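Remarks on the structure that follows.
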Amino acid sequence: MAENGAAAITVLEGGFDPDLILTDLMMPVMSGWDFCKTLKGRAAWRSIPVVVLCGMTPDQRGKLQVEGAFEKPTHLPTLFGRIAELCGV
Amino acid sequence: MRRLNVGPVAEVALVIAIVAIGKPVWIPVTLAFYFAFILTPPSDALERRGASRLVSLLVVVGAAMTLFLVLSSILVSQAADLATQLHTYSAQINQKLARLGGIGLVENFRRAMDQLGAAFAPDSEASLPTTAVRIAETPRLWQRLEEAVRPILEPIAMSGLVLVLTLFVLGRREDLRARMIRLAGPQNVTVTTRTMDEAVRRISHLLLTQVWINAAFGAVLAVALHLIGIPYGLLWGFIAGLLRFVPMLGAAIAVLLPSLIAFAIFPGWRETACTVVLFVFADIVVANFVEPLVLGRRTGVSSLALLISAVFWTWMWGPVGLVLATPLTVCAAVMGRNVPQLAFLTVLLGDEPGLNAEVNFYQRVLAQALRDAERIGRAEISKSSLASALDALLVPALALAGRDQNQQAIDDATAERVVGDVGKVLAALAPPASAKVAHPVLGLAAETRSDAVLLQMLAMVGGGRVEAQPPAERAAAVDAVVRRAPKAVIIASLPPAGSASTRYLCRRLRAQLPGCHVVVLLHRGVDAPSSEAAARLREAGATEVVLTLGEAQKALAALSLQAAEAGVSGAA
């Protein structure tokens, strides 16, 4: 668990190799938008699926290069289903 | 505005100035250290047998001095005799050249010989044009004394100084070493002591062995020249031994004078040719057989560095610099290898390649010099095998491109171009396998274009055992494989990019094709293999994880054998 986007980048730079990243958009230090942009800009991390969980409508959150986006409150079976699908489980 | 950094240039200029201006001080000091390095092993050997420091010093230095005096007296008498005979030889050379005719080069050489003969002829003053000289003042007695004594006293004073300094350096070698260690830094005294001891031991061994080899070279030539009938054999042998310290050019320079003498005194060409052949043959034998055998594979110093060093030190210190150039360069290279602060000297002077093979290959691809890259690849294949060459050069080049792309040292377009060019070099090095086996293993690229090129390599080393699936989005790729229901699948993956996709493929294939043998080629490129990554892949459903193309080749062979056996038992 990373507290914000910048902390997540530090963890990834340390060699952490996740199957999927679940992130919020409204975060201190580095927002979810900037985090996703950084992630998809680096060749080594491009293939990591990203699922966004936020309290915004699709119009409010804008265009995001992610594999899944869910509004809060979230229907958990749907969220878990998508995560399982992206991880190949 | 950017300021020009002149610091390093100023430092180099300062060092050169100190070396040039301090010549009268540095030459005896350097000679003393050189002799101390050479005399350390015999002195150590005597002390190991129970001799005290004083006794070992007296014996070793005394023996060296005796040898030096005996040799120098013989050499001086031979050189003096040669000087008196030189005008005779030059006249004989001149006559022979005149018989050869007025060819341009020969004619020039003949004129040079004329001048040389005139200079050394006893009555040469009579033949030279005279110039009126008015002596303004008769030199005083002390001036005349100084002029007469200086040529004799200077070498004696220098020899005495070198002798005293050598005695001190040799006698207090441990103390000097301790001071050097203190200079290098007291943080890690044990390691520094060990490295300094090792460096000093290696330098001593190397210099002493080189002295012995060159002395033997000179001695053999002296005897051989004497047998051919050329006078002053000992003098030529000594000069040849001394000049052998200059790489490549030394023997070529040393052969000039004895072959000229042979040319002068013998009526035919046989003796001259014998002299030249003797020098060339002896130098080839020593350089290619004796030195590698005695000194090990190599001295660790590049020939170019030795030549540049010879030019530099001759410019700085004259003939003494020429003789000291090789020992100084060898010392610098060995110190660079053993003292971390001086590591740059190894890069500059050492004979190791400037870049590792894989970095050299990657650099050539990056510079779009694909012919060079192909040449490096072919050389590696001729040394080992296709799979080893791909493991050692092409896959690391893909990994290095990925690493540079991640560190944003190169942009995405350049990285893509490098991957494409590695593919082109691959196609030039080995054509795709045309033979097909009955039950090929399906090959999947984990995700990136690098993975796809790795899969191409796998297909080549697999010799028709791998059928590469066309690139597709990962879910579509799994569906395509599942439709064909293969017995075995191999996934090509070059981390760190695409490692999540590789695990995804393993999980989906394991879930949808439970009986399928899933092999992952997890090539690490230039990094050490990660056991954790392999464990996670096994956890995700991989049956087998291989780390190199060589291992993949073996795994494919084993799978083919299993498929063939299954086919036979099925038919039965």
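The values are calculated or read from the model by the stated rules, or taken from the named source; none is laboratory data. Values in this document were obtained by computation on a predicted structure and should not be read as measured data. Cβ placement follows ideal geometry from the backbone for every residue including glycine, while neighbour counts extend to all protein chains displayed.
What the table below lists for this structure:
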| read-out | value |
| --- | --- |
| Test for B:Cys516: is it buried (at least 16 other Cβ atoms within 10 Å of the Cβ), within 12 Å of chain A (Cβ to nearest Cβ) and of a type in the set (A, V, I, L, M, F, W, C) | no |
| Search result, residues across the range A:47-79 that are among the hydrophobic types (A, V, I, L, M, F, W, C) and within 14 Å of the chain's Cα centre (by Cα) | A:Ile48, A:Val50, A:Val51, A:Val52, A:Leu53, A:Cys54, A:Leu64, A:Val66, A:Ala69, A:Phe70, A:Leu79 |
| Residue that is acidic (Asp, Glu) and surrounded by fewer than 12 Cβ atoms within 10 Å (Cβ to Cβ), where the choices are A:Glu85, A:Glu13, A:Glu3, A:Glu67 | A:Glu3 |
| Test: residue in the range A:29-36 that is of a type in the set (Phe, Trp, Tyr) and farther than 30 Å from B:Gln512 by Cα | yes |
| In the range A:37-50, the residues that are away from every other protein chain (no Cβ under 11 Å) and surrounded by 19 or more Cβ atoms within 10 Å (Cβ to Cβ) | A:Leu39 |
| Helices (runs of 4 or more DSSP H) wholly inside the range B:329-418 that include at least 2 residues being touching a strand residue (DSSP E or B) at 6+ places or on another chain (Cβ under 9 Å) and among the acidic types (Asp, Glu) | none |
| When residues of the range A:41-89 are limited to those that are hydrophobic (A, V, I, L, M, F, W, C) and assigned to a helix (DSSP H, G or I), the one farthest from B:Ala399 (Cα to Cα) | A:Leu76 |
| Unique match (being over 25 Å from A:Pro49 (Cβ atoms), touching a Gly at 6+ places or on another chain (Cβ under 7 Å) and not assigned by TED's automatic domain parsing to the domain that holds B:Ala558) among B:Val418, B:Val425 | B:Val425 |
| 2 or more residues at pLDDT 85 or above: qualifying strands (runs of 3 or more DSSP E) within the range B:462-528 | B:488-493, B:517-522 |
| Counted residues, the range A:12-36 - those being more than 14 Å from chain B (Cβ to nearest Cβ) and assigned to a helix (DSSP H, G or I) | 5 |
| Odd one out for A:Pro49, checked against (1) modelled with pLDDT of 85 or more; (2) out of contact with any Phe, Trp or Tyr (no Cβ under 8 Å at 6 or more places or on another chain); (3) more than 26 Å from B:Val478 (Cβ to Cβ) | (3) |
| Residue in the range B:562-570 that is modelled with pLDDT of 80 or more and closer than 24 Å to B:Leu386 by Cβ present | no |
| Filter result for B:Lys554 (surrounded by fewer than 19 Cβ atoms within 10 Å (Cβ to Cβ) and touching a residue at least 60 places away in the same chain (Cβ under 8 Å)) | no |
| When residues of the range B:482-510 are limited to those that are away from chain A (no Cβ under 13 Å) and of a type outside the set (D, E, K, R), the one nearest to A:Glu13 (Cα to Cα) | B:Ala492 |
